[in-house]
Structure formats: C-alpha cells, structure tokens
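The values are calculated or read from the model by the stated rules, or taken from the named source; none is laboratory data. Quick caveat: nothing in here was measured; it's all calculated off a predicted structure. With ideal geometry, Cβ positions are generated from the backbone for all residues, glycine too; neighbour counts draw on all protein chains shown. Accessible surface areas use protein heavy atoms only, side chains included; no ligands, DNA or RNA. Shrake-Rupley method; radii C 1.70, N 1.55, O 1.52, S 1.80 Å.
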Amino acid sequence: MGDRFKTIARFQYSSEAQIIKGRLEAEGIEVFLSDNLTIDTDPLVSNAIGGVKLKVLSRQALKAQHILDSIEKYSIDDEGHTINCPNCKSEKVELFSTIKDAKSLFWFIFGFLFSSLPFYTKHKYKCEDCKTEFDLK
C-alpha cells in the first residue's frame, strides 16, 4: 500500500506542475506527473482530461499537502510584494485573462480555429473577496 501514488493537486499547465514538483522533490518527496506530455502537446485539452495530475507516494501525501498549503497562491508584484485589492485591501488577488476588446476576441478566435495559443490577451487582477477587477499601473 505504501508504494501507491495519490493525486494531491491538478494544474492547467505542466509548467505550474513542474515548479511544484521541484519544490516537493527538494523536500525529499517522490513525485510523479500524469498527463503532462498530453497537455504539452495540446494545451486546449487540459480541462477535458482534468489537467496535469501531481501524484506523490501515499505515505508522503500528508507531508506533501502541508508543503502545498504553505506555498502562497496569490499574486505578487515585480518586487515580490503581495498585491492588495484597491477596494477592500484584501491579499486574495489573482491574475486572469480577459476578452473584452476586438483585438483580444480576434486572437482568441484565431487561436481556437487553428489550435494555437493566443498571441494577444489582456490580463487583469481580480479580488476573490469583493470581486473587484483592476489593472496595476
């Protein structure tokens, strides 16, 4: 039973999973990634197959989960400081992509039709607490 792998996290892209994998391996935890090659080949299937699965040995799952929980999940600026919401001052701010102008829409459709990544996307930040969307200036 100790040699079985358990999925402890899922990621949309393999680059995210590789970073966490390196962190866990630095702590002596054996890590296995599943479906990372499929998603590297075609990133558009990530949601359909459930993303890249990060698996650890069952006996190390609790320690690995504790390490995952200790990693900051919210946005930071170029100097490494946490980004705060301008409305409620919360630190629970995440970066997201938006399609709200003609240029973004065109490149989204182009990417969808030709199975390529979008060349242009507009990024904004969104507060998880008050749902305020904002740009950094």
Among (1) farther than 21 Å from Glu16 by Cα; (2) at pLDDT 75 or above; (3) touching a helix residue (DSSP H, G or I) at 6+ places or on another chain (Cβ under 9 Å), there is one condition Leu113 misses while meeting the rest; what is its number?
(3)
Output for the stretch 16-44, where each listed residue is acidic (Asp, Glu) and over 16 Å from the mean Cα position of the chain (by Cα):
Glu25, Glu27, Glu30, Asp42
Within the stretch 53-63, count every residue that is open to solvent by less than 90 Å² (accessible area, probe 1.4 Å) and out of contact with any Lys or Arg (no Cβ under 7 Å at 6 or more places or on another chain).
2
Within the stretch 5-15, identify whether any single residue is at pLDDT below 85 and over 16 Å from the mean Cα position of the chain (by Cα), and answer yes or no.
no
Would you check which residues across the stretch 45-57 are touching a helix residue (DSSP H, G or I) at 6+ places or on another chain (Cβ under 8 Å) and over 19 Å from Leu68 (Cα atoms) and list them?
Val45, Ser46, Ile49
Looking at the stretch 64-90, which of the residues that are part of a loop (DSSP other than H, G, I, E, B) and open to solvent by 100 Å² or more (accessible area, probe 1.4 Å) is modelled with the lowest pLDDT?
Glu72
Filter the stretch 123-137 down to residues that are at pLDDT below 85 and in a strand (DSSP E or B) and give me whichever is surrounded by the most Cβ atoms within 10 Å (Cβ to Cβ).
Tyr125
Every residue from the stretch 10-48 that is in contact (Cβ under 8 Å) with a residue 40 or more places away in the chain, surrounded by 13 or more Cβ atoms within 10 Å (Cβ to Cβ) and within 30 Å of Leu113 (Cα to Cα):
Arg10, Phe11, Gln12, Pro43
For the stretch 96-104, state whether one or more residues are in contact with a Leu (Cβ under 6 Å, 6 or more places away or on another chain) and at pLDDT below 70.
yes
Among the residues of the stretch 23-35, how many are under 13 Å from Lys55 (Cα atoms) and not in a loop (DSSP other than H, G, I, E, B)?
6
